[in-house]
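Taking it in order: structure first as structure tokens, then the write-up.
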Ligand code: DHB
């Protein structure tokens, strides 16, 4: 809206009866959020979950922020960083979005970071988990989780449960390297030993030779991090090679028992212990309502990606309410320190690091009422990202 028109509206508002003011404000432009997700390609399950969560949030909240219409523009980057950067630029320059959000993979979030910095546009990471992402721009915050948070949670549990010799198997890029380092370092610090560290490529990994190495070296446990969507394939191969009956415990980040894939994985998942920030079985009233509403709308179960998207929308809209629709530095500042009850439990945004602080849960796959669920049985409360330097 032009300044002149705004001025005229202000004048009009001052002279007419209060009841007549509303239509003038209703004519204000919609506030826009640009969401970049992998809607196609190997990470499509991330896009599908977050897109579904955003639709639920919009339906529940009347599609408004700061009293204005809120428009969400979803763009598909297929998980390709060059595409992410181009889309981020277009959303900022052409669509004039107040915030960027989404980002299914670490390299995609990092590719968009300079756009956020240069245009002073807040960028909310709803999915990716490498610790350093929030250090790539002062305009980045996160509503997913970091892999150091997950890995430290799993390491603490391993050490308390007589797991002494371990191996790690991770996807060979940012979040996998974070997971490997923070799991191995913490396990070693607590007196355990790491026999070997295995890495698989992000694209088209072949787990067979890795699983043979694990079988040969017989650790007490194998710790695994694989990005969302690869869990079912890995579990199938783990079972096909008989490793589920070899006495080697499978543990890891919650992607291997993903709520989105658990039914497809089937009974080989039973008893597997993982660390993660969200289970669809989280026993709170807020989560029960979230899962019921999500399933009623979409006919599938929300996973941890959905919660990152849902919380991201909550963070952005609350911040827009606070700034009365202003963007830029005011908007990122309004995100810092926000605290709320997420479907996963209470979370807040650390004002110094812009990183999410959350409860890290230890869960075991169990059959309840005929379905497989990640049942939480232990947690580390209010865990800050161990990846940030103090
Ligand atoms: C990342 C991607 C994932 O699918 C996931 O589950 C965790 C982290 C990432 O690229 O950072």
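Angle of helix 81-93 to the longest C-alpha principal axis of the chain, folded into 0 to 90 degrees and rounded to 10: 20°. The modelled label-to-label distance for the pair residue 208/residue 321, using points 7 Å beyond Cα in the direction of Cβ, is 5.5 nm. Comparing mean-square fluctuations of 131, 204, 158 from a GNM of the chain with C-alpha springs under 10 Å, the top value falls on 204. For the range 213-298, the alpha carbon positions stretch 47, 21, 20 Å along the principal axes, listed from largest to smallest. Note on residue 270 and residue 382: the extension gain reaches 37.5 nm, defined as 0.36 nm multiplied by sequence separation minus the Cα-Cα distance.
Between 109, 184, 264, the GNM of the chain built on Cα springs shorter than 10 angstrom shows 264 fluctuating the most. Helix 231-240 and the longest principal axis of the C-alpha atoms of the chain enclose an angle of approximately 10°. With respect to the chain, whose longest principal axis is taken over its alpha-carbon atoms, helix 44-61 is tilted by about 40°.
When each of the peptides 66-75, 144-153, 283-292 is scored by the mean number of other C-beta atoms lying within 10 Å of its residues, the order from highest to lowest reads 144-153, 66-75, 283-292. Under conditions of 37 °C and 0.692 mPa s, the range 74-232 yields 194 µm² s⁻¹ as its translational diffusion coefficient, taking Rh as the Kirkwood radius over Cα pairs in the Stokes-Einstein equation. Remark: the Cα gyration tensor places the range 253-341 in the prolate category, a/c being 1.5 or greater and a/b exceeding b/c. You can think of it this way: the chain between residue 389 and residue 341 has 14.6 nm of extra reach, that is 0.36 nm per residue less the Cα-Cα gap. Our estimate of slack between residue 190 and residue 162, defined as 0.36 nm per intervening residue step minus the Cα-Cα distance, is 9.0 nm.
Remark on the chain: Rg and Dmax equal 22.0, 83 Å (Cα only).
Just so you know, all these numbers are worked out from the coordinates, no wet-lab data involved. From a predicted model like this one, the values you see are computed outputs, not experimental measurements. For neighbour counting, all protein chains shown are included, and Cβ atoms are generated from backbone atoms with ideal geometry for every residue, glycine included.
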